[in-house]
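Trainee: Dropping the structure in here first, questions after.
The values are calculated or read from the model by the stated rules, or taken from the named source; none is laboratory data. Keep in mind the model is a prediction, meaning the values are calculated, not measured. In this analysis, Cβ positions are derived from the backbone assuming ideal geometry, glycine residues included, and neighbour counts consider all displayed protein chains. To get the accessible areas, we keep the full protein, side chains included, count just its heavy atoms, and leave off ligands, DNA and RNA. Shrake-Rupley method; radii C 1.70, N 1.55, O 1.52, S 1.80 Å.
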Amino acid sequence: MRIAVPNKGRLHDPAIDLLDRAGLHVVDGADRKLYAQTVDPDVTVLYARAADIPEYVADGAADVGITGLDQAEESETDDLVDLLDLEFGSCRLVLAAPEDGDIGAVADLDGGTVATEFPSITRDFFAERDVEVDIAEVSGATELTPHVDIADAIVDITSTGTTLRMNRLAEIADVLESSVRLFAREDVVDDEKVQQTRMALESVLSAEDKRYLMMNVPEDRLADVKDVLPGMGGPTVMDIAGKEDVAVHAVVNEREVFETINALKDVGASDVLVTEIERLVE
């Protein structure tokens, strides 16, 4: 199985890190190489531009790909299945216009010009609203186009909105909410290795906000401890050789750890140990 991964940019390192944590450590992945092996002899990484990955997957050059939803939507590639939101690279594609101009709604652009690096998404957005616009496709500095009379508005990516505000542009509408996804070609979705990869990545994401708690508990306080623990289902309880206490293990949300430990101490738990979880298969 071949996985297409962004070869550079802000998506490259998080994608490689996620594969590594999922157990698919990349080996022999030197710079400028097009391919790299992983510790799984049946899985190879293909490095490609994020924008090209949907096409690579659809054409069979790769079986699965890691790239942004915005890139997949812009490619208008059929036969792609969105397997998993990988929960990084979040951004919004927005419609924006000069803040001191006459455009305050989508309909105000009827007959106007919109500059964007995402012509397909932009065309579909306006077509769905029965608004006719000319699309000016640009390859950078999109936010400058309304100020040099190239366009009346833009469709561009934003994470915080800071760049838009710096260029005196106001958001008019959300066009697309995007994040990085795991995509597969439809004919390989049920392939065993594809599903193993999806599960491995999902297990890393499931573990990110969880912590593993271990503690000793007097047997007569076990019911009180169970009432305190907010974990996933009931805790695991084990006898401790040569002691009247029992060992209690539980998984809890990270944000609940501080209060939970204090409550556990109040009901008699001792030797509380908190550890991170690398992967959690639910």
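Per-residue answers, yes or no, for (1) closer than 30 Å to R2 by Cβ; (2) open to solvent by 50 Å² or more (accessible area, probe 1.4 Å); (3) of a type outside the set (D, E, K, R); (4) in contact with a strand residue (DSSP E or B) (Cβ under 8 Å, 6 or more places away or on another chain):
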site	(1), (2), (3), (4)
L84	yes, no, yes, yes
G104	no, yes, yes, yes
V138	no, no, yes, yes
A141	no, yes, yes, no
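Trainee: Restrict the check to the stretch 39-50 and report whether at least one residue is closer than 30 Å to E128 by Cα, of a type in the set (A, V, I, L, M, F, W, C) and in contact with a strand residue (DSSP E or B) (Cβ under 7 Å, 6 or more places away or on another chain). Quick ask: steps written out before the conclusion?
Mentor: The first filter runs over the stretch 39-50 and keeps only residues closer than 30 Å to E128 by Cα, leaving 49-50.
Checking the rest, the ones that are also of a type in the set (A, V, I, L, M, F, W, C) come to 50.
From what's left, in contact with a strand residue (DSSP E or B) (Cβ under 7 Å, 6 or more places away or on another chain): 50.
Yes: the stretch 39-50 contains one or more residues that are closer than 30 Å to E128 by Cα, of a type in the set (A, V, I, L, M, F, W, C) and in contact with a strand residue (DSSP E or B) (Cβ under 7 Å, 6 or more places away or on another chain).
Trainee: Has the stretch 26-42 got at least one residue that is touching a helix residue (DSSP H, G or I) at 6+ places or on another chain (Cβ under 7 Å) and under 22 Å from E177 (Cα atoms)?
Mentor: No, the stretch 26-42 contains no residue that is touching a helix residue (DSSP H, G or I) at 6+ places or on another chain (Cβ under 7 Å) and under 22 Å from E177 (Cα atoms).
Trainee: Spot the failing condition for A36; the list is (1) crowded, with 16+ Cβ neighbours inside 10 Å; (2) closer than 30 Å to L169 by Cβ; (3) without any contact (Cβ under 8 Å) to a residue 12 or more places away in the chain, and only one is missed.
Mentor: (2)
Trainee: State which residue is surrounded by the fewest Cβ atoms within 10 Å (Cβ to Cβ) when the search covers only the stretch 52-69 and only residues that are free of Cβ contacts under 8 Å to residues at least 60 places away in the same chain and more than 18 Å from S178 (Cβ to Cβ).
Mentor: Here the answer is D59.
Trainee: If you go through the stretch 267-278 one residue at a time, do you hit one that is part of a strand (DSSP E or B), open to solvent by 40 Å² or more (accessible area, probe 1.4 Å), in contact with a Pro (Cβ under 7 Å, 6 or more places away or on another chain) and not polar (S, T, N, Q)?
Mentor: No: zero hits.
Trainee: Another question, then. Restricting to the stretch 33-48, count the residues that are touching a Phe, Trp or Tyr at 6+ places or on another chain (Cβ under 9 Å), assigned to a loop (DSSP other than H, G, I, E, B) and not hydrophobic (A, V, I, L, M, F, W, C).
Mentor: Residues in the stretch 33-48 being touching a Phe, Trp or Tyr at 6+ places or on another chain (Cβ under 9 Å), assigned to a loop (DSSP other than H, G, I, E, B) and not hydrophobic (A, V, I, L, M, F, W, C): 1 in total.
Trainee: Give me the residue from the stretch 184-216 that is among the aliphatic types (A, V, I, L, M) and assigned to a helix (DSSP H, G or I) and, out of that set, farthest from V248 (Cα to Cα). Break it down stepwise before answering.
Mentor: Start the filter on the stretch 184-216 by keeping residues that are among the aliphatic types (A, V, I, L, M), which leaves 184, 188-189, 194, 199-201, 204-205, 207, 213-215.
Now drop any that are not assigned to a helix (DSSP H, G or I), which leaves 188, 194, 199-201, 204-205, 207.
Numbers: V188: 42, V194: 36, M199: 27, A200: 27, L201: 28, V204: 24, L205: 25, A207: 19 Å.
It comes out as V188.
Trainee: While we're on this one: What is the one condition in (1) in a strand (DSSP E or B); (2) at pLDDT 95 or above that D124 does not satisfy?
Mentor: (1)
Trainee: Conditions first: (1) modelled with pLDDT under 95; (2) surrounded by 20 or more Cβ atoms within 10 Å (Cβ to Cβ). A30 passes all but one, so which condition is the exception?
Mentor: (2)
Trainee: Would you mind finding the one in A72, A115, A151 that is assigned to a loop (DSSP other than H, G, I, E, B) and surrounded by 21 or more Cβ atoms within 10 Å (Cβ to Cβ)?
Mentor: Matching residue, one of A72, A115, A151: A151.
Trainee: Moving to a separate point now. Could you say whether any residue in the stretch 217-225 is outside any strand (DSSP E or B) and modelled with pLDDT of 95 or more?
Mentor: No, there is no match, as no residue in the stretch 217-225 is outside any strand (DSSP E or B) and modelled with pLDDT of 95 or more.
Rundown of residues vs (1) touching a helix residue (DSSP H, G or I) at 6+ places or on another chain (Cβ under 7 Å); (2) of a type in the set (A, V, I, L, M, F, W, C); (3) within 20 Å of R21 (Cα to Cα); (4) surrounded by 14 or more Cβ atoms within 10 Å (Cβ to Cβ), yes/no style:
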| position | (1), (2), (3), (4) |
| --- | --- |
| K193 | no, no, yes, yes |
| D220 | no, no, no, no |
| D224 | no, no, no, yes |
| V246 | yes, yes, no, yes |
| E254 | no, no, yes, no |
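Trainee: Sticking with this structure for a sec: Please verify whether L176 is open to solvent by less than 50 Å² (accessible area, probe 1.4 Å) and not small (G, A, S), treating the condition exactly as stated.
Mentor: yes
Trainee: Does the stretch 30-51 contain at least one residue that is in contact with a Leu (Cβ under 9 Å, 6 or more places away or on another chain) and of a type in the set (D, E)?
Mentor: Yes; the residues of the stretch 30-51 include at least one that is in contact with a Leu (Cβ under 9 Å, 6 or more places away or on another chain) and of a type in the set (D, E).
Trainee: Right, something else. Would you check if there is a residue in the stretch 195-205 being touching a Cys at 6+ places or on another chain (Cβ under 9 Å) and within 20 Å of I53 (Cβ to Cβ)?
Mentor: No.
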